[in-house]
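The values are calculated or read from the model by the stated rules, or taken from the named source; none is laboratory data. It should be emphasised that the depicted structure is a prediction, and the values quoted were computed from it without experimental measurement. Don't worry about glycine lacking a Cβ; one is built from the backbone with ideal geometry, like all the others, and counts go over all protein chains shown.
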Amino acid sequence: MTDEPLYHVDGDLVPASEATVSVDDRGFRYGDAAFETMRAYGGTIFEWDRHVERLERTCQSLSLAHGLADTDLRDRIDETLAANDLADAYVRLSITRGVQPGKLTPQPEVDPTVVIYVTPLPRGGLESEPVWDGPATVKSIETRRMPEQAVPASAKTHNYLNGILARAELRGTDADEALLSDLEGNVAEGATSNLFFVRDGVLCTPTTDGPVLPGITRELVLELAEDAGVPTREERYGLEEVCEAEEAFLTNRTWELRPVDRVDDAVIGGGPVTERLSRLYDERVEKACYEE
């Protein structure tokens, strides 16, 4: 990696210390922007097609017609990885509505701001090292997940206030992830993760019919479980059902599958299903990104 990271800002590679956007940019002013968090393994963006499809769905939710081709976005990501001499990395792509006249109401004509940020991560796949220090300690909190009728759960926008408030509740505790519930008290997801748990050999996860982000890693885990013959169930669950689980883990693109040590005072931990799915996930990454 170069001495100073290089970011891709509106078509140009610039040193991190010089990477700026306008204070009038709507992404800064209102959180009016879409983003995707990805992982590069061996120089390959894992599951790129799923990421770009979800990015476009978010932009459609925002009525943000950015006019950028998928190939253009991918080229910018590849340029950023190459410029930083990175093959295994965290990759974040953001598209804002840019600077527009007026105030809150978005204008249909868009000159988007596009920013790509990368930072090194360990190798993934079968020789992987986890990016986390240990199993997650999870705490249920008072902050509720915003209902789907207010903000679409599937939209990954720059407005992360819900997650920030959730994480702020963890101050003074030893927890490193907050567990949010919906307005009815059903468990939804972590501040930056999807939740899975095992009961009676069944892999359970909160349904995306509620205010739950349809995470790409979540989707892959369900597919791997089906292929492996592990029964799955997507429903609405109460906190007590999670606390009585035999195993539990969290998923997101960076963590992959992270075992949960405990939820509140309930000690849970990983187990054979978690270990099996983690192995299958590593094999999927290895085959897709490292094998020639």
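Overview of results
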| quantity | calculated |
| --- | --- |
| Subset of the stretch 84-133 (residues that are touching a Lys or Arg at 6+ places or on another chain (Cβ under 7 Å) and among the hydroxyl-bearing types (Ser, Thr, Tyr)) | Tyr90, Thr96, Tyr117 |
| Some residue of the stretch 228-240 being touching a strand residue (DSSP E or B) at 6+ places or on another chain (Cβ under 8 Å), buried (at least 18 other Cβ atoms within 10 Å of the Cβ) and either among the charged types (D, E, K, R) or closer than 22 Å to Val187 by Cβ (or both) | yes |
| Meets criteria (of a type in the set (Ser, Thr, Tyr), closer than 26 Å to Gln149 by Cα and surrounded by 18 or more Cβ atoms within 10 Å (Cβ to Cβ)) for Thr217 | yes |
| Test result for Glu189, surrounded by fewer than 23 Cβ atoms within 10 Å (Cβ to Cβ) and assigned by TED's automatic domain parsing to the domain that holds Glu148 | no |
| All positions within the stretch 79-132 that are among the hydrophobic types (A, V, I, L, M, F, W, C), buried (at least 16 other Cβ atoms within 10 Å of the Cβ) and under 18 Å from the mean Cα position of the chain (by Cα) | Ala89, Val91, Leu93, Ile95, Val115, Ile116, Val118, Leu121 |
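Conditions (1) closer than 21 Å to Ala288 by Cα; (2) crowded, with 17+ Cβ neighbours inside 10 Å; (3) modelled with pLDDT of 95 or more, marked per residue:
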| site | (1), (2), (3) |
| --- | --- |
| Ser17 | no, no, yes |
| Ser22 | no, no, yes |
| Asp32 | no, yes, yes |
| Arg39 | yes, yes, yes |
| Gly42 | yes, yes, yes |
| Thr58 | no, yes, yes |
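Conditions tested, residue by residue: (1) touching a Leu at 6+ places or on another chain (Cβ under 8 Å); (2) of a type in the set (Val, Ile, Thr); (3) in a strand (DSSP E or B); (4) at pLDDT below 95.
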site	(1), (2), (3), (4)
Ile116	yes, yes, yes, no
Glu129	no, no, no, yes
Glu142	no, no, yes, no
Glu148	no, no, no, yes
